[in-house]
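Q: Encoded as structure tokens, here's the structure I'll be asking about.
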Amino acid sequence: MSASAVVPTSAAPEHPQEDEGLRWRTALASSPTVRLAGRRILIAIPVMWGVTFLSAILMNLLPGDAASALLGANATPLEVHQLSIKLHLNEPFLLRYWHWLVGVLHGNLGASLQNGQSVGQILGQHLPITLELVVLSSIVMLVISVPLALLCARRPGGILDRITMVLSMGFLSVPQFVLGLLFVLVFAVIWRVFPALGYTSITQSLGENLRDMTLPALTIALPSAGFYVRLLRADLLEQMQSEDYVVTARAKGLGTWHILTRHAFRNSLIGFITILGLNVATLFAYTVIVEEIFGLPGIGYQLLTGIGNRDAPLVQGIVLVFAGVVVLANLITDVLYGVIDPRIRYGRAAL
Amino acid sequence: MAALPSEAATPSVPIAAAVMAEEPARSRRGWVHSLDLYIPAGVLVLLLLACFVWPLVYKLPPPVGGSILDASLPLGSPGHILGTDSVGNDIMSRLLYGGRVSFEVMFAVQGIGLVVGGFIGVAAASFSGLAEATVMRVLDVLIAFPAIVIALAIVDGLGAGEADIIWALAVVSIPTFARVARSGAVRVRDQTFVVAARLSGSKRWRTNLRHVLPNILPQLITFAVLGAAIVVILEATISFFGYGIPPPGPSWGNMIAAGQQVMSNEPALLLVPSIVLLVTVVALNTLSEALRARWGVVR
């Protein structure tokens, strides 16, 4: 693992008279943060390749093919055969994958087998919806969980803390699809405040768009908030109980709230951000479920349709985007980790 | 919390073990102080008894093939305590038989995950070097996949039986177990007692079985209980989306899906199975948390 880190560390010694570009590059190469990022990217390449290859194998193993899925049950074998040839489905699996891979490396994700639309175009249309959902729910989740965790850690065992602990256990346990349906029942069927289904584009009407996004975003945000409240509260309490800097701060006469927000929270933030980054994949998995329930035309919805239609290029394209986002999130996390805590940057960066 | 990303909670597990960190174990004396363990365990035992034993002792209406004349009876109807659904099947009976599916899938998936994943993880840590790195990268690939997507795709391919769901979810569960087992095994593999066992000529499998495994077992079991909650959720989700147990066969997921169709008129058909599912998951999560506190398991 560490052998793959090829960014030179002992680059040419710095000479003031050397040209600006080289000096800049040398500085960059010896920056621990950049080395960490480079190492992460090198590790990410085989993982991303593996994810696409695995999804290709999976699509190939599924019984039935796109030709028969598209033509339906009434198609004659001849029609299916002709369409298979047209879609290149008769070529060997590895050859098809190879063509796809070469295309991807040239920036061409191929065309959907379903309607010949380019996968890049489909992603361009539907990815923003999913991203909006992810961003909105992350904001809601953070706005709920961070202040609540701080308030709970201020008086552990207090009334607020107890209520939060019970509620957060409930929310983190509730399956997304159940929570979504309960929201629909309460806010769309009984009270009719929010629509149960449908999506309005953000360019048509921002208000309508946010109205349509409220229930889906809450469905993703609340279980995650339950999870993060507990995570952050537990870590804050650990900091407050065991760390020397807290004792020092107390000895200086600082109040509990001040120590919590200015000292303990900063230290907890490192671990918090790490877990946040690692769970980005989970967040995207939730969008698949939530988009299906609320009828949002995001890429999660496209993914399920693609699996049903045996539409390998579409599925592989979407999986590639998912994997890319996850890798990117982990990369940002790692870099932030190093930025926040210099000990990690200089010390155990190799991990 | 100081774990570095490569060792930290697996991203495909929504409820990372970390979140279960409660305050350090309180006084361990007396049953009152063990209520955090006994209550969820008791709830689970009751649910298991209800699903597997109750139908044998007490005659329930069959979960399928109800008469259309009995359709849509409300809660508390004579002979149908929880009412009937829109084709006349008894809800109570469907809940219990559906629960059997959920629990059977849960035990099978976590059993397979624990044994196979545990073996892969311990073996990877034991061989170290290139083998370990390769195995871990392959696991990274599997874990980078959204769990629900891989499970749906596999079930779509295999078919909709209970065994197919078990295999599909095992594919999701094995890598996460392997990851936990490996990180646990890495932590003990260079400790003195393991090195001493190795130097004294103990065979590799014997060292792993007698010295490494007992030390990571609490961690693995806690993780298994935690993962069981996720398996129950995934099984219900798969059935809810119509890829799992096909209706009219009972399962909590497809009961909730059926309840969705009539939620404006008969919300009970949606609420009852949802509540049972939620109680089960909460019990599993609290049990895992209590075990963690008890055994002082670190992530």
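Coordinate-derived values only; no laboratory data. From a predicted model like this one, the values you see are computed outputs, not experimental measurements. Glycine gets a Cβ as well: all are built from the backbone with ideal geometry, and neighbour counts include every protein chain shown.
Q: What does the convex hull of the Cα atoms of segment A:219-321 come to per residue, in Å³, rounded to a whole number?
A: Dividing the Cα hull volume of segment A:219-321 by its residues yields 106 Å³.
Q: Let me ask something else. Tilt of helix B:91-112 relative to the longest C-alpha principal axis of chain B, in degrees (0 to 90, nearest 10)?
A: 20 degrees
Q: If I fit a long axis through the Cα atoms of helix B:35-52 and take the longest principal axis of the Cα atoms of chain B, what angle between them do I get, 0 to 90°, rounded to 10?
A: Taking the Cα atoms of chain B, the angle to B:35-52 is about 50 degrees.
Q: Rounded if a/c is under 1.5, else prolate if a/b is larger than b/c, else oblate: which is segment A:278-323, with a ≥ b ≥ c the root eigenvalues of its Cα gyration tensor?
A: oblate
Q: Now for a different question. Label chain A by shape, choosing from rounded, prolate and oblate, from the square roots a ≥ b ≥ c of the eigenvalues of the Cα gyration tensor; if a/c is under 1.5 it is rounded, and otherwise prolate applies when a/b is larger than b/c, oblate when it is not.
A: oblate
Q: When the gyration tensor of segment B:79-193 is built from Cα positions, what are the square roots of 5 times its three eigenvalues, in whole Å, from largest to smallest?
A: 39, 16, 9
Q: Hey, another quick one. Please give the net charge around A:S205, taking every other residue with its beta carbon less than 10 angstrom from that of A:S205, where Lys and Arg add +1 and Asp and Glu add -1.
A: Taking every other residue near A:S205 into account, the sum is -1.
Q: Please determine, in degrees from 0 to 90 and to the nearest 10, the orientation of helix B:118-127 with respect to the longest principal axis defined by the Cα atoms of chain B, where the helix direction is its Cα long axis.
A: Between helix and principal axis, roughly 20 degrees.
Q: Now, a different point. How well do other chains shield peptide B:133-146, expressed as the mean number of their Cβ atoms within 10 Å of each residue Cβ?
A: The per-residue average across the peptide is 6.
Q: Under the rule of -39500 (n - 2.57) per DSSP H run of 4 or more residues, summed and divided by the residues of the protein assembly as shown, what mean residue ellipticity at 222 nm is obtained, to the nearest 500 deg cm²/dmol?
A: Estimated from H runs of four or more residues: -22500 deg cm²/dmol.
Q: Of A:P32, A:V174, A:V104, which is farthest on the positive side of the dipole of the protein assembly as shown, counting Cα position, with +1 on Lys and Arg Cβ, -1 on Asp and Glu Cβ, and the Cα centre as origin?
A: A:P32
Q: Would you work out which of B:V116, B:I165, B:V105 lies farthest towards the positive end of the dipole of segment B:92-167, given +1 charges on the beta-carbon of Lys and Arg and -1 on that of Asp and Glu, about the Cα centre?
A: Final value for the positive-end residue is B:V105.
Q: Now, a different point. With charges only on Cβ, +1 for K and R and -1 for D and E, what is the dipole size of the protein assembly as shown about its Cα centre, in debye, rounded to 20?
A: So the dipole magnitude of the protein assembly as shown works out to roughly 2240 debye.
Q: Something else about it: Could you work out how far the C-alpha centroid of segment A:126-145 sits from that of segment B:90-104, in angstrom?
A: For segment A:126-145 versus segment B:90-104, the Cα centre distance is 35 Å.
Q: Let me ask something else about it. Hydropathy at least 0.0 by Kyte-Doolittle, axial extent at least 27 angstrom from the Cα trace: which helices of chain A, defined as entire DSSP H runs, fit?
A: TM-like helix candidates: A:32-61, A:119-154, A:206-242, A:312-340.
Q: Name the shape class, rounded, prolate or oblate, that the alpha-carbon gyration tensor gives for segment B:192-299, where a ≥ b ≥ c are the square roots of its eigenvalues, rounded holds for a/c under 1.5, and otherwise prolate holds if a/b is larger than b/c and oblate otherwise.
A: The shape class here is prolate.
Q: Something else about it: I need B:C51, A:C152 ordered by Cβ neighbour count within 10 Å, fewest first.
A: B:C51, A:C152
Q: Further question on the same structure: Near B:T237, within a Cβ-to-Cβ distance under 14 Å, what is the net charge of the other residues, with Lys and Arg +1 and Asp and Glu -1?
A: Once positives and negatives cancel, what remains is -4.
Q: Quick one: A:L58, A:L331, A:L131, B:L284, fewest Cβ neighbours within 10 Å first, how do they rank?
A: Least to most surrounded, the residues fall as A:L131, A:L331, A:L58, B:L284.
Q: If you wrap a convex hull around the Cα atoms of segment A:194-271, how much volume per residue is inside, in Å³?
A: It is 128 Å³ per residue.
Q: Now, a different point. Report D for segment A:114-189 in µm² per second (integer): Stokes-Einstein, Kirkwood Rh on Cα pairs, 10 °C, 1.306 mPa s.
A: 101 µm²/s
Q: How long, wide and thick is chain B, going by the Cα atoms along their three principal axes, in whole angstroms, largest first?
A: Projected onto its principal axes, the Cα set of chain B covers 75, 50, 33 Å.
Q: Another question about this same structure. Could you list, bin by bin from short to long, the percent of Cα-Cα pairs of the protein assembly as shown in 20 Å steps?
A: 17, 50, 29, 4, 0
Q: Rounded to a whole number of µm²/s, how large is the Stokes-Einstein D of segment B:251-298 at 4 °C and 1.567 mPa s, given Rh as the Kirkwood radius over C-alpha pairs?
A: Once the numbers are plugged in, D ends up at 106 µm²/s.
Q: Further, regarding this structure: Please compute the average number of Cβ atoms from other chains found within 10 Å of each residue's Cβ in peptide A:272-281.
A: For peptide A:272-281, the averaged partner shielding equals 5.
Q: With a 10 Å Cβ neighbour count serving as the proxy for reagent exposure, in which order, fewest first, do A:T164, A:T214 appear?
A: Fewest-to-most ranking of A:T164, A:T214: A:T214, A:T164.
Q: What average number of partner chain Cβ atoms lie no more than 10 Å from the Cβ of the residues making up B:232-238?
A: Per residue, the average neighbour count from other chains is 3.
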